[in-house]
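Taken together, the values in this text are just the output of simple stated rules run on the coordinates, not laboratory data. Please read these numbers as outputs of a predicted model, since none were measured by experiment. Methodologically, a virtual Cβ is constructed for each residue, glycine included, from the backbone with ideal geometry; neighbour enumeration extends over all protein chains shown.
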């Protein structure tokens, strides 16, 4: 496990990945094209020079990348300067070996290699390798900074959600104290258990089952206040218990559904929650009666949706989608998540740095 963490913290990405190899090949071919245009004495490009240099560069790039990939776990244990020096040495020795081989094949009549030409190739390879490694290092630092900013952003968003939830829950309990103190006491116990589950430090993702349990506790508290005015329809497809979801994602949606769709209506209404799986995505839908005033104009609802959208974007990227719409006096919020267990998503998040090219 420690070796894996060291490898993930290494600033050079995994060069065995197809995307990394493709980017290296495309970049090297562009460099060869530029050199071939500069080398041409007549016309736009020296095709013979382009073909020979392209073959030489591609072989050296592929073999150097393969050697660095094979030694990546060992290089990750070194300090950054020593690892950089080791990789530069690998590239220079690789270019030297191919230069001697190419010289002996193309110019077999020579008794001695053309050391001046070989030295130029080594110097050029050294400079290009330094630029590539510098690019990798800057990308790694940018990714580290982005991860830190994302964590701070998630913490801030979470901090904004908890007081909002606590304020509304305590108002609900306060309304029960005068009329039914025993049930108010039970609601306080439910609230304490709810916060015990929701305020686990460091949980960026929890199983969907835990999030739904939290929602049920919240709905139990609201049912004490609203009574028969609050009706629920709850449908969750089997097999979604371990689906990963950020904590306090669904509860604010249910809270908005009650406060904007049920509470203003004297007759109340029905809140629907439906969770299903289609293909590689999990869909969670929350529906409630559309209030007389457009729900999208309410600041609290808009803030809740914006906070949830920000957290989903930070954790899942563009794979996660949050949409809201209204049709036939029904307001619907639909959440789409990539289908993965909470454990798999946590493991993927720890590997983002290493996989960024």
Mind giving me the nanometre distance, one decimal, between the label points for residue 267 and residue 321, set 7 Å out from Cα along Cα→Cβ?
3.4 nm
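At R0 = 30 Å, how high is the FRET efficiency between residue 66 and residue 134 if r is their beta carbon distance? Nearest 0.05 is fine.
Details: r = 21 Å, r/R0 = 0.71.
E(calc), rounded to 0.05, equals 0.90.
Taking 0.36 nm per residue of sequence separation and subtracting the Cα-Cα distance, how much length would be gained by fully extending the chain between residue 170 and residue 188, in nm to one decimal? Write down the numbers at each step before the final one.
Numbers: separation 18, 0.36 × 18 = 6.48 nm, distance 0.84 nm.
The residue 170-residue 188 span can extend by a further 5.6 nm.
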Express the Stokes-Einstein translational diffusion coefficient of region 1-85 in µm² s⁻¹, to the nearest whole number, given a Kirkwood radius over alpha-carbon pairs, 10 °C and a viscosity of 1.306 mPa s.
108 µm²/s
Considering all alpha-carbon pairs of region 1-143, what whole percent are spaced by more than 24 angstrom?
37 percent
Return a whole-number percent for the relative contact order of region 1-122, with Cα pairs under 8 Å and 6 or more residues apart as the contact set.
25 percent
Taking 7 Å along the Cα-to-C-beta vector as the label spot, tell me the residue 78-residue 226 distance in nanometres, rounded to one decimal.
6.3 nm
Here, residue 101 and residue 237, labelled 7 Å along Cα→Cβ, have an inter-label distance in nm of 5.2 nm
